[in-house]
Amino acid sequence: MKFTLDWLKEYIDTGDLSPEALADHLTMLGLEVDSVTKLFPELQPLKTAKVLTVETHPNADNLHICEVAVGDDTFSIVCGAPNVREGLVTAIALVGTVMPDGMKIKASKVRGVKSTGMLCSERELGLGDSHTGIMELPSDTEHGQPLLATLGLDDLLVEVDLTPNRPDCASVIGVAREVAGILRKPLTLPVEKATIDHRNSEFSVDVENCELCPRYAARLIRNVTIGPSPWWIQKRLLSIGLRPINNVVDITNLVMMEYGQPLHAFDFDTLNGKQILVRNPRTNEKMFTTLDGVERELDSDMLMICDGKGPVAVAGVMGGLNSEVSDITTNILLESACFNEVSIRKTARKLKLASEASYRFERGVDPGGCIIAMERAISLFCEVAGGEAVAGGVDLYGGIRPLNSQTLRISRTASLLGIDLDYDKIANVLQSIGIRCKPKDDDTLWVNPPTFRVDIEREADLVEEVARLIGYNNIPTSLPLVSLSYPEQDPKRHMRAKASTLLADIGFSEAINYSFVTEKHLSMMHLAEDDSRREMLQLLNPLSEEQSVMRTMLLPGLLENLKRNINFQQTDVKLFEIGKVFTPQGDNEQPIEKERLTCILSGKRAGEASSLYASDDRVDIFDAKGSCELLLETLRLYGVELDDLVKFRSPNENEAEVFSDPSQCLILDSDKGPLGQLARLQPETAKEFGIKQEVFFIDLDFEIISSLHGAAKSFHSLPVFPAVKRDIALLVPIAVKAGDMLATIHSSKEKFIEHCEIFDVYQGKPLDTGIKSVAISVTYRSPTKTLTEKNVNKSHTRLINLLTSKFNGSLREG
């Protein structure tokens, strides 16, 4: 948004407020000032000059030798302008002046006659398109004066960067209203109120869709004389970069920049049927030529202004060539309307046609200001173009908005801003920008924002208005009170970080996969048709067919990672992922999101370690179990108490996953339900992913892990007395679980047992069929004395008897 200080002062008395202070005030109001610059700085050196004498050039019929007075000096200028004459006051560029086009004026001979400057036309100065002659200034203009001061262009141009929610400030009056709010001074408006009292029967207007066109007003002006605008109008337009065209077009542009209401003037005599119809294009209306002479393609969603025959303008964007105001126009139909913001934005983008009008309509034009802006333009038509306004008109206001009445609490406003406020102070600042207020009770105001403030929707917006107008710099700075207590930690986040660190420490790499996967994964995992995980959440706009649903398992993504690693000849892989899986809950409901922890192991146990230092043994189910146990032990959920929160067991019939090898599978149970399982992946499933080597996986419910409270840490003094280790090698039936044997030792009442662990399990020759050997190391220690051989033998014998009797075993000889 551009305006000049002189233009702004037409509506608000800024007093002795400096341009710098004004820019600072506007920026603090939320209207960021991009620049404050002088108008036409390239014209600063130019002066006014008076032609004293004119003689014909002796060597050229079309050139003249002019004696020109510039203050106390006289210069000889060779000029070819047809309108040069004695007594003419014009603009002169003296030697050394650099013109707007970059040309530097030098003393030179023209056909043998010395010329020491140049008399300038409007086009040469960048002030218009006229090049038929040099600029003509009023005859009473004093020569030798700065040209910009003489033209009233010795002014400052202010450019403001508007935010999309402040369309009311896309006008000089809108900016002046903000300044009035800071200075607490009244606005001086050219027109404050206007109405259309009765309908004009000389033309008709109809609007098909009030949502696309909430308000449409029109009035007729007869006997207009088309011609150039007076200098004061041209000056306003030139100062903000708009090109003057003729008095009618210039007035509509002036009022648009003044009030923020785009207007359009139709040549009334070109309108078929003397009617206006606001509608979408018909099926046969495919092309339309706009004012710039370009034929544009229409579509059915564009809003058009039509007469009795067809379109005459693209609503809110640009008029049509077939109804353009020309030099022979005498009767004008003036349009002042409000169009739907989204509709205009789409139309302008499709046509690739941006205009000052579309810029304002896209952000929202005040429907309450249509008639006022129209009245301002009509008064100028009558004053400048000699027009006669026909009484009455048309005002269709089918999209009238309900009253935007808000309440504002004084105590709440004072609390948010941290200052003392009362009714009078709040009402004063709000009313200074046109927001009406009245008391509701001792602590509340009724507030009615004007229709041009489309950004005020709730109490918080009103509090912001109070803060803006009081001035952010006037609100005292206060630091918040910050408690020194340690912030509460998210236990789930802490658990996740701990698990990730541990798995990385034991050789796993973390994978982070997309939550969007292919539906084929579930079939590749051989899931049953009635498996709940087959109910997947479909994406409305997927990135690709391979990412069309939300995942219900993490394992397929890790298997894809493994396949990619193998393709790159990285066959020794340990990966884990902690991520969300999604379970749909029906239409219009958010899915349930749960976190799971999944690991895969494949290839050599030692990874890429050299065979010189590590064996080439491949991972097996015990590696998966050991990794899982270590994780749970670190989280203090397993192996720290007699009654662990998590227990391992073999799967019951049909309990293992369909993609798990039941002979190498363990189920994990917890107090809060099934925790997951670890197993060898079925080779058939691995082949579905293009994997030929053995794969083992761990799949755990991380939500349950996070909800379990690990055993509290306890500390003991270092043992003083020595420990005694004894081994037990028992022959037991293959069906006996080694873990049950350890649990029996832990639950025995032998008080000297400090620790026990399995160090060997063997089956095969020379053992009998159906028999296996389990070797257990038991550590004995007393906290109060050194154990004797007798003490240890006594406890050890009781322990052997307990194990042999309970598990139908015998000691292994040799």
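The values are calculated or read from the model by the stated rules, or taken from the named source; none is laboratory data. These numbers come from a predicted model, not from an experiment. Note that we place each Cβ from the backbone using ideal geometry, even for glycine, and neighbour counts take in every protein chain shown. Side chains included, ligands, DNA and RNA excluded: accessible areas come from the protein's heavy atoms. Shrake-Rupley method; radii C 1.70, N 1.55, O 1.52, S 1.80 Å.
When you scan the range 527-560, how many residues do you find that are under 23 Å from residue 687 (Cβ atoms), open to solvent by 70 Å² or more (accessible area, probe 1.4 Å) and more than 33 Å from the chain's Cα centre (by Cα)? The number of residues fulfilling the criteria is 1. Give 409, 458 a once-over and let me know the one that is touching a helix residue (DSSP H, G or I) at 6+ places or on another chain (Cβ under 8 Å) and in contact (Cβ under 8 Å) with a residue 24 or more places away in the chain. Testing whether each residue is touching a helix residue (DSSP H, G or I) at 6+ places or on another chain (Cβ under 8 Å) and in contact (Cβ under 8 Å) with a residue 24 or more places away in the chain leaves just 409. Residue-level check: of (1) out of contact with any strand residue (DSSP E or B) (no Cβ under 7 Å at 6 or more places or on another chain); (2) over 23 Å from residue 231 (Cα atoms); (3) buried (at least 16 other Cβ atoms within 10 Å of the Cβ), residue 124 misses just (2). Residues in the range 56-72 that are under 23 Å from residue 141 (Cβ atoms) and open to solvent by 90 Å² or more (accessible area, probe 1.4 Å): 72 alone. Within the range 90-114, being open to solvent by 60 Å² or more (accessible area, probe 1.4 Å), under 13 Å from residue 42 (Cα atoms) and without any contact (Cβ under 8 Å) to a residue 40 or more places away in the chain holds for 101, 103, 104.
Considering the range 265-312, and only residues there that are of a type in the set (Val, Ile, Thr) and over 18 Å from residue 325 (Cα atoms), the residue that is most open to solvent (accessible area, probe 1.4 Å) turns out to be 283. Candidates are the residues of the range 698-717 that are part of a strand (DSSP E or B) and touching an Asp or Glu at 6+ places or on another chain (Cβ under 9 Å); the one that is farthest from residue 525 (Cα to Cα) is 701.
Within the option set 78, 36, 54, being of a type in the set (A, V, I, L, M), within 30 Å of residue 465 (Cα to Cα), part of a strand (DSSP E or B) and touching a residue at least 24 places away in the same chain (Cβ under 8 Å) holds for one residue only, 36. Restricted to the range 398-422, and to residues there that are out of contact with any Phe, Trp or Tyr (no Cβ under 9 Å at 6 or more places or on another chain) and not in a loop (DSSP other than H, G, I, E, B), the residue that is least open to solvent (accessible area, probe 1.4 Å) is 413. Restricted to the range 472-493, and to residues there that are within 30 Å of residue 578 (Cβ to Cβ) and part of a helix (DSSP H, G or I), the residue that is farthest from the chain's Cα centre (by Cα) is 491. If the condition is being at pLDDT 90 or above and farther than 23 Å from residue 678 by Cβ, then the range 571-589 contributes 582, 584. Note on the range 701-757: residues that are open to solvent by 60 Å² or more (accessible area, probe 1.4 Å), without any contact (Cβ under 8 Å) to a residue 60 or more places away in the chain, farther than 19 Å from residue 772 by Cα and among the charged types (D, E, K, R) total 4.
More than 28 Å from residue 391 (Cβ to Cβ) and not hydrophobic (A, V, I, L, M, F, W, C): which single residue out of 323, 343 fits that description? It would help to see each step written out before you state the result.
Numbers: 323 fails: more than 28 Å from residue 391 (Cβ to Cβ).
Criteria check complete, one pass: 343.
Only one of 4, 53 is at pLDDT below 95 and closer than 21 Å to residue 256 by Cβ; which?
On the way: 53 fails: closer than 21 Å to residue 256 by Cβ.
After applying the criteria, what remains is 4.
Only one of the numbered conditions (1) touching a strand residue (DSSP E or B) at 6+ places or on another chain (Cβ under 8 Å); (2) assigned to a loop (DSSP other than H, G, I, E, B) is violated by residue 42, and that is (2).
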